[in-house]
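Working notes, beginning with the structure itself.
The values are calculated or read from the model by the stated rules, or taken from the named source; none is laboratory data. As the structure is a prediction and not an experimental result, all values here were calculated from the model. FYI the Cβ positions are ideal-geometry reconstructions off the backbone, even for glycines, and counts take in every protein chain you see.
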Amino acid sequence: MNVLGIETSCDETSVAVLDGEGRILSNVVATQMQAHAAYGGVVPELAARAHLENLPAVFEEALDRAGIVVSDIGLVAPTAGPGLIGALLVGLSAGKALAFARGLPLVGVNHLEGHLYSAHLATGGQPARPVESPFHGLVVSGGHAELVRVEEERIVPIARTRDDAPGEAFDKVARRAGLPYPGGPVVDSIAARGDASRFALPIGRAADGSEDFSFSGVKTAMLRQFEKRGVDGSPLNPGSLPQDLADLFASFQRAIVTALLQRVETAHQREGIRRLALSGGVAANSELRATFSRWGEESGVPVLLPEKALTTDNAAMIAWAGLLRFRREGASNLDAVTARSRWPLGSP
Ligand code: KG4
Ligand code: ZN
């Protein structure tokens, strides 16, 4: 059975086709990064309009590349949330129209569940790796930081961010320094030539002693460091930053990765992690990948990392999560599926 995934929750318009074994037959992603770059972040109205303009061509191309026609589709899997309502409605309505017109089953997919299972997918035409539960998942993106335990029939939340998401912290700090958007990949490359042990920045932990993440402290500490140095947001060239600033960015990246690792270690000590799947846009980060791979080797925990192309938003991961959900609980009721701005992992 071929699954059609549709993703329009934020600033990527994407359509993908997967077969019943999770082979990616096509995964077309049209990014709107350019449209939002001038504003330093995603503008919801612009995003919705761009999805509307891009979706028909992205859909056609996804079918073409997969070598299928509409009648070869067996399941429609659009993202239903969480995300920007206007943006979500574009993909969800298109999916519903297709399902209704063709009498196909549809599952409304949780975008975070898409990330959660993305480390099981491969881009080279191989089938997806079998999902063995329980496993722990760490989703780190521009909107989320969530640590969960995935069991056969349910997802149990362990920790989430109280304020900024890690990707958001990367983006905001980069923006205040006058670096291009999105900030994550830029800071990643700057940090590669910096000394991460030079500055001690706050390691994000919620003040009440819970396991939740908090990244606003490290962000504020960075803004103070910028003030001290007269970094005022005027455009900076990432390739020619002074060493002092490269060290600062490396220390910032280290503080974020350390916060994430500490929570995973606590969870491992308490309940034993059998395997860990990282995902989300920030899972493209070099230091995060290296640090968690090393931790996995040292502690004997297999760490699954998504291929870089599958870390940021894409419809292949949505189709895959949709297929898994369909197998667990069947199709959604077409009338009842609505776009949801909030949809925590683990809630129905
Ligand atoms: O998962 P994603 O595409 O969108 C959301 O669902 O949020 O994640 C985008 C986020 C952005 O904040 C971007 O700066 C961050 O992922 N990101 C990175 C890297 N590549 C993308 N952050 C750190 N290091 C990277 N290499
Ligand atoms: Zn995402």
Q: Can you confirm whether the range 201-217 contains a residue that is away from ligand 1 (no atom under 16 Å from the Cβ), within 20 Å of Phe292 (Cβ to Cβ), touching a Phe, Trp or Tyr at 6+ places or on another chain (Cβ under 8 Å) and not hydrophobic (A, V, I, L, M, F, W, C)?
A: yes
Q) So Ala48 clears everything in (1) away from ligand 2 (no atom under 16 Å from the Cβ); (2) over 14 Å from Ala339 (Cα atoms); (3) at pLDDT below 95 except one condition, right? Which one? A) (2)
Q. Which condition number in (1) in contact with a helix residue (DSSP H, G or I) (Cβ under 6 Å, 6 or more places away or on another chain); (2) buried (at least 20 other Cβ atoms within 10 Å of the Cβ); (3) within 14 Å of Ile6 (Cα to Cα) is the one that Leu88 fails?
A. (1)
Q. What is the residue count in the range 92-107 for residues that are part of a helix (DSSP H, G or I) and surrounded by fewer than 24 Cβ atoms within 10 Å (Cβ to Cβ)?
A. 9
Q: Could you grab me the full set of residues in the range 159-181 that are closer than 14 Å to Ile256 by Cα and among the hydroxyl-bearing types (Ser, Thr, Tyr)?
A: Thr161
Q: Please enumerate the residues belonging to the range 26-56 that are under 17 Å from Ser93 (Cβ atoms) and surrounded by fewer than 20 Cβ atoms within 10 Å (Cβ to Cβ).
A: Pro44, Glu45, Ala48, Arg49, Leu52, Glu53, Pro56
**Q.** Count of the range 224-280 residues which are on the phi > 0 side of the Ramachandran plot and either at pLDDT below 95 or touching a Cys at 6+ places or on another chain (Cβ under 8 Å) (or both)
**A.** 1
Q. When the range 3-25 is examined, which residues are found to be over 22 Å from Thr338 (Cα atoms) and either within 13 Å of ligand 2 (Cβ to nearest atom) or surrounded by 24 or more Cβ atoms within 10 Å (Cβ to Cβ) (or both)?
A. Val17, Leu18, Ile24
Q | Unmet criterion (only one of (1) at pLDDT 95 or above; (2) out of contact with any Asp or Glu (no Cβ under 6 Å at 6 or more places or on another chain); (3) of a type outside the set (A, V, I, L, M, F, W, C)) for Arg175 | A | (1)
Q: Mind listing whichever residues of the range 284-300 are among the hydrophobic types (A, V, I, L, M, F, W, C) and either near ligand 1 (Cβ under 8 Å from one of its atoms) or at pLDDT below 95 (or both)?
A: Ala284, Leu288
Q) Is it true that Ala316 is small (Gly, Ala, Ser), buried (at least 19 other Cβ atoms within 10 Å of the Cβ) and away from ligand 2 (no atom under 16 Å from the Cβ)? A) no
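Scan the range 192-200 and tell me whether some residue there is among the aromatic types (Phe, Trp, Tyr) and either more than 10 Å from ligand 1 (Cβ to nearest atom) or at pLDDT 95 or above (or both). Before you say what the answer is, go through the steps one by one.
Kept after step one, since they are among the aromatic types (Phe, Trp, Tyr), are these residues of the range 192-200: 199.
In the following step, the residues that additionally are either more than 10 Å from ligand 1 (Cβ to nearest atom) or at pLDDT 95 or above (or both) were identified as 199.
Checked the range 192-200: at least one residue is among the aromatic types (Phe, Trp, Tyr) and either more than 10 Å from ligand 1 (Cβ to nearest atom) or at pLDDT 95 or above (or both).
Within the range 30-76, track down each residue that is assigned to a loop (DSSP other than H, G, I, E, B), in contact with a strand residue (DSSP E or B) (Cβ under 9 Å, 6 or more places away or on another chain) and without any contact (Cβ under 8 Å) to a residue 24 or more places away in the chain.
Step one: list which residues in the range 30-76 are assigned to a loop (DSSP other than H, G, I, E, B), which gives 32, 38-43, 67-69.
Now drop any that are not in contact with a strand residue (DSSP E or B) (Cβ under 9 Å, 6 or more places away or on another chain), which leaves 32, 67-68.
Correct list: Gln32 only.
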